[in-house]
Amino acid sequence: MNNRTGFIGGSDAVQIMNGGWVDLWAVKTGREEPEDLSNNFTVQSGVHNEIFILDWFKKQYKIELVDHQKTFAVHDNVVPLIGTIDAATKSGASIVEAKETYEYNKMEDQLARYMPQLQFYMQISAVPFMYLSCIFGNQRYQYVKVDADQEYQELLIKHIQHFWECVTTNTAPSHDLPAEMPIIRFPKYDGCSNVTRGH
């Protein structure tokens, strides 16, 4: 299995913000192996469809993509942060994340689930915005453009640092989202500039 210790990644940011501190702490301290997803149909379908989702985005919006599966590694003086993006636009001004979900899911729910990962990737790659490109079953396609949110990213890092302290001090979190940490407000996207809907 892949070694998931020694750093925080994009999927870890999702788990930290959506709950799951205790389970993630066990993995990051080496007490448990990360879940083996090699035989998980849903996960592997998303992996194999990633190229199609990116190609469809490129075809529809005439944006050339480069740097597929490029890894960024930074250190904020407290936590090693490592993330692998799905692709970047040729201009280097933005990145693209590809996701597959079920037919009746909503883009709003995709954003709510993956916003920590999106903001994490924008922070470590230093881009001002990115695209979330999604297929919903085999019925429809949609993308959204999401702006970097400095306030969100600062609070996200505070959560990550607090979690990382539990890892480095070998102290199990008392619960999945500590009450003493500020709750991050979900960035608004209806009727404002944070998100621009695609077709």
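The values are calculated or read from the model by the stated rules, or taken from the named source; none is laboratory data. All values derive from a computational prediction rather than experimental measurement. In this analysis, Cβ positions are derived from the backbone assuming ideal geometry, glycine residues included, and neighbour counts consider all displayed protein chains. Areas reflect the complete protein model, heavy atoms only, side chains present, ligands, DNA and RNA absent. Shrake-Rupley method; radii C 1.70, N 1.55, O 1.52, S 1.80 Å.
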Probe 1.4 Å, accessible area per residue of region 1-125, Å²: 53 Å²
For region 86-157: relative contact order, % (alpha-carbon pairs under 8 angstrom, 6 or more apart): 34 percent
Computed FRET value (nearest 0.05) for Y61 with R140, which takes r as the C-beta separation and R₀ as 22 Å: 0.90
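Compute the relative contact order of region 58-97 as a whole-number percentage, counting only Cα pairs closer than 8 Å that sit 6 or more residues apart in sequence.
RCO, region 58-97: 36 percent.
What FRET efficiency do you get for T169 and T71 if R0 is 30 Å and r is their Cβ-Cβ distance, rounded to the nearest 0.05?
0.65
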Extension reserve of the A112-A26 stretch, reckoned as 0.36 nm per residue once the Cα distance is removed: 28.5 nm
Neighbour-limited loop hits for chymotrypsin sites (Phe, Trp or Tyr not before Pro), region 77-137 (at most 13 other Cβ within 10 Å; DSSP other than H, G, I, E, B): Y102, Y104
Shape call, region 61-105: gyration tensor on alpha carbons, a/c limit 1.5: oblate
Given charges at beta-carbon only (K, R positive; D, E negative), |dipole| of region 3-146 in Debye: 480 debye
Shape metrics for region 1-150, restricted to C-alpha atoms - Rg then Dmax, Å: 15.5, 47
Antiparallel bridge percentage (DSSP; both residues within region 35-148; nearest 5): 70 percent
